[in-house]
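Novice: Would you mind keeping the following structure in view while I ask a few things?
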Amino acid sequence: MNNNSGILEQLRSRYGDDTFKPQTTKDDILTLWLPVDHVPEVLKFLKHDLPQPFPLLFDLTAIDERTRKPENGHIPYSFTLIYHLFSFERNSFIRLKAGLREDFPKAPSISGLWQNANWYEREVYDMFGIRFEGHPHLSRILMPRTWVGHPLRKEHPARATEMGPFQLYDDKMDLEQSALQFKPEEWGLARQSDDSDFMFLNIGPQHPGTHGVLRIILQLDGEDIVDAIPDIGFHHRGAEKMGERQSWHTYIPYTDRVDYLGGVMNNLAYLQAVEKLAGIEVPERVKYIRVMLCELFRIASHLVWYGTFAQDVGQLSPVFYMFTDREKIFDIIEGICGGRMHPNWFRIGGVAQDLPKGWEQLVQRFIDYFPKRLKEYDGMVMKNSLFKARTVGIGIFTKDEAIEWGVTGPNLRACGFEWDFRKMRPYSGYEMFDFEVPTASNGDCYDRAVVRVAEMRQSLRIIEQCVKNMPSGPYKSDHPITTPPIKQNTMHDIETLITHFLGVTWGPVIPPGEAMSCIEATKGANGYYLTCDGNTSPYRVRIRTPSFPHMQMLPYITRGYTVADLLSILGAMDYVLADIDR
């Protein structure tokens, strides 16, 4: 889906014919190379001045090009900066790329153009060592402040066995403890106002009540929040780095652990990008199976959010009821896949095996059972006067503010914006299903809950259609590089047998190219941007998660509220730290 006709002509007429060089990609997104010094003005034009503009900075990342085979006709660079923008009016992405030649290059910051560019530029600096001139606080964000090196550079080791044994000497302990001390002046925060001293409160780093290990430093005037500084990275496990050393196939289980409540949804986002690169078209039955499991996991994830959100604001009972219902979903997942929370069941070109006998009864029992439970929860939580008192009118943001900060998913739809990638840019056969996109109008914590509760009912509708309309046919594509590969003729000649053996052991060799997929995950827009140089593993894996920009917005939406309100705002956000940190 590409509605970008005429953009290149407009850009060339404004900035000159030689400024932009188009690149063909496997995902058909308009991709343009431009000089790095033109980036701020071109992005400003695309955001503000172009008819049907691109108001959403969807992602900002980089690639270390120094060990890559030259391709696509461009001059080899040391690094490439990649900007993904999205236009809701055009329903389309655009990709801008700027090459950098030095080993430790610099680039102009766009943090003054988009609010959410701040963290993305800090991440690129942290991972690649690229400095952004004009950034207000260019510091590490995922790695500890004492970390040596930039992990996504190609010379940085990818395995613990490539490093020396870890030893914690006394002087290193002192250094680490010192680095953890918060110094307000470094962040431009005052220690006092004209009439009072501010208190700085550490919330975390701890797990309970924060959906993963998170630290937030609050600047308080009494109980009122003046500012907040989220400190993330405690869950960072190098998910993108691991993609460079795993085969296309063996990387699938790692994706499960990114949004670890979203299960197979992580697999789908990754595999759709792989399948675009390889030119694989999956059968109709595969599409239905994938959609059914994704919607089951959407309900499972929302149940975790529902119960823990109620618990965050003082209710104890709902979390026990809702986790029990989540186990019923896991019983279905286990019956189909063998696994529960991390089934690792989707494959390149299909799924691991066909649906087992009796799957319809398993799923139908849940479809019959769950609506009554949702109605009970409405009375228990959504109509509860104390729950409403803690959430109505709290943490409000508008549609324009949400887009400025990169907010997607239910948090965006709670602002009255009916945008769902399943409906607007259908993938995996979602265009074949009848469902509605729930919205709300106030953009507060309560409305974000209203949207997610309504989404569970719509997911049930989709699952029921899967049961009724599940097509017959194969459970994986007949493309030669599906996994595991098709075994026909392996015993007829040695060449085919060897090819099959290599496909099973090494995994497939994907043709050179790049592609991005974007799905409507449980928490918002989840994208995988894969770059391949014709090998058995990706050259670069970029994971764009929804929780990363959502958490970046926390200081903006908590100012002026109280510490108690912070718990409501965090709970309504529905984030997972592994989804932020990767």
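The values are calculated or read from the model by the stated rules, or taken from the named source; none is laboratory data. These figures come from a predicted structure and were not determined experimentally. Counting neighbours? That spans all protein chains shown, and the Cβs are built from the backbone with ideal geometry, glycine included.
Novice: Since Met516 meets every condition but one in (1) among the hydrophobic types (A, V, I, L, M, F, W, C); (2) loosely packed, with under 14 Cβ neighbours inside 10 Å; (3) closer than 30 Å to Lys423 by Cβ, which condition does it not meet?
Specialist: Just one mismatch for Met516, condition (2).
Novice: A further question on this structure: Just one of (1) part of a helix (DSSP H, G or I); (2) touching a strand residue (DSSP E or B) at 6+ places or on another chain (Cβ under 6 Å); (3) buried (at least 21 other Cβ atoms within 10 Å of the Cβ) trips up Val39, so point out which.
Specialist: The number of the failed condition is (3).
Novice: In region 376-418, which residues are assigned to a loop (DSSP other than H, G, I, E, B) and either farther than 19 Å from Tyr446 by Cα or of a type in the set (S, T, N, Q) (or both)?
Specialist: Asn384, Thr398, Trp405, Gly406, Thr408, listed by residue number.
Novice: Taking region 250-281 as the region of interest, how many residues are in contact with a Pro (Cβ under 9 Å, 6 or more places away or on another chain) and either among the hydrophobic types (A, V, I, L, M, F, W, C) or surrounded by fewer than 24 Cβ atoms within 10 Å (Cβ to Cβ) (or both)?
Specialist: Matching residues across region 250-281 total 7.
Novice: Against the definition (surrounded by 14 or more Cβ atoms within 10 Å (Cβ to Cβ) and either β-branched (Val, Ile, Thr) or within 25 Å of Gly443 (Cβ to Cβ) (or both)), how does Arg347 come out, yes or no?
Specialist: Here the answer is no, as Arg347 does not meet what is asked.
Quick grid of which residues meet (1) outside the structural domain of Pro474 (by TED's automatic domain parsing); (2) of a type in the set (Asp, Glu); (3) touching a strand residue (DSSP E or B) at 6+ places or on another chain (Cβ under 9 Å); (4) without any contact (Cβ under 8 Å) to a residue 40 or more places away in the chain:
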| site | (1), (2), (3), (4) |
| --- | --- |
| His302 | no, no, no, no |
| Phe309 | no, no, no, no |
| Gly314 | no, no, no, no |
| Ile348 | no, no, yes, no |
| Asp378 | no, yes, no, no |
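Novice: Please tell me if Leu138 is surrounded by 11 or more Cβ atoms within 10 Å (Cβ to Cβ), aliphatic (A, V, I, L, M) and either under 24 Å from the mean Cα position of the chain (by Cα) or within 22 Å of Arg540 (Cβ to Cβ) (or both).
Specialist: yes
Novice: Filter region 416-464 down to the residues that are buried (at least 18 other Cβ atoms within 10 Å of the Cβ), free of Cβ contacts under 8 Å to residues at least 60 places away in the same chain and among the β-branched types (Val, Ile, Thr) and list them by number.
Specialist: Thr439, Val451
Novice: OK, next. When you scan region 112-128, do you find a residue that is over 22 Å from the mean Cα position of the chain (by Cα) and farther than 26 Å from Asp400 by Cα, even just one?
Specialist: There is no residue in region 112-128 that is over 22 Å from the mean Cα position of the chain (by Cα) and farther than 26 Å from Asp400 by Cα.
Novice: Taking the criterion of being under 17 Å from Met292 (Cα atoms), part of a loop (DSSP other than H, G, I, E, B) and either more than 31 Å from the chain's Cα centre (by Cα) or not assigned by TED's automatic domain parsing to the domain that holds Tyr446 (or both), would at least one residue in region 358-365 satisfy it?
Specialist: Yes, there is a match, as at least one residue in region 358-365 is under 17 Å from Met292 (Cα atoms), part of a loop (DSSP other than H, G, I, E, B) and either more than 31 Å from the chain's Cα centre (by Cα) or not assigned by TED's automatic domain parsing to the domain that holds Tyr446 (or both).
Novice: Would you point out which residue out of Asp103, Asp126 is among the charged types (D, E, K, R) and either in a loop (DSSP other than H, G, I, E, B) or farther than 15 Å from Thr61 by Cβ (or both)?
Specialist: Every option except Asp103 fails the conditions.
Novice: Continuing with the same structure: Output the residues belonging to region 179-220 that are free of Cβ contacts under 8 Å to residues at least 40 places away in the same chain, assigned to a strand (DSSP E or B) and crowded, with 16+ Cβ neighbours inside 10 Å.
Specialist: Residues satisfying the conditions are Phe200, Gly204, Pro205, Arg215, Ile217, Gln219.
Novice: OK, next. Part of a loop (DSSP other than H, G, I, E, B), aromatic (Phe, Trp, Tyr) and not assigned by TED's automatic domain parsing to the domain that holds Ile519: does that describe Phe45?
Specialist: no
Novice: Continuing with this model, one more query. Consider region 357-399. How many of its residues are in contact with an Asp or Glu (Cβ under 7 Å, 6 or more places away or on another chain) and among the basic types (Lys, Arg)?
Specialist: Total satisfying the criteria: 1.
Novice: Moving to a separate point now. I'd like to check something: does region 14-24 contain any residue that is over 24 Å from Pro546 (Cα atoms), touching a residue at least 60 places away in the same chain (Cβ under 8 Å), of a type outside the set (S, T, N, Q) and not assigned by TED's automatic domain parsing to the domain that holds Ile510?
Specialist: No, there is no match, as no residue in region 14-24 is over 24 Å from Pro546 (Cα atoms), touching a residue at least 60 places away in the same chain (Cβ under 8 Å), of a type outside the set (S, T, N, Q) and not assigned by TED's automatic domain parsing to the domain that holds Ile510.
Novice: Looking at Ser78, Ser92, Ser87, which one is within 27 Å of Glu155 (Cβ to Cβ) and among the small types (Gly, Ala, Ser)?
Specialist: Being within 27 Å of Glu155 (Cβ to Cβ) and among the small types (Gly, Ala, Ser) holds for just one of Ser78, Ser92, Ser87, which is Ser78.
Novice: Mind listing whichever residues of region 308-319 are touching a helix residue (DSSP H, G or I) at 6+ places or on another chain (Cβ under 8 Å) and surrounded by fewer than 24 Cβ atoms within 10 Å (Cβ to Cβ)?
Specialist: Within region 308-319, Thr308, Gln311, Asp312, Val313, Gly314, Gln315, Ser317, Pro318, Val319 qualify.
Novice: Looking at the structure I just gave you, is Val392 in contact with a His (Cβ under 8 Å, 6 or more places away or on another chain), of a type in the set (A, V, I, L, M), modelled with pLDDT of 90 or more and outside the structural domain of Phe58 (by TED's automatic domain parsing)?
Specialist: Against the criterion (in contact with a His (Cβ under 8 Å, 6 or more places away or on another chain), of a type in the set (A, V, I, L, M), modelled with pLDDT of 90 or more and outside the structural domain of Phe58 (by TED's automatic domain parsing)), Val392 does not qualify.
Novice: Right, something else. Asn91 is checked against (1) at pLDDT 95 or above; (2) at positive phi and fails just one. What number does that condition carry?
Specialist: Evaluating Asn91 over (1) at pLDDT 95 or above; (2) at positive phi leaves (1) as the failure.
Novice: Within region 505-559, track down each residue that is touching an Asp or Glu at 6+ places or on another chain (Cβ under 6 Å) and in a loop (DSSP other than H, G, I, E, B).
Specialist: Result: Pro512, Lys523, Tyr539, Thr545.
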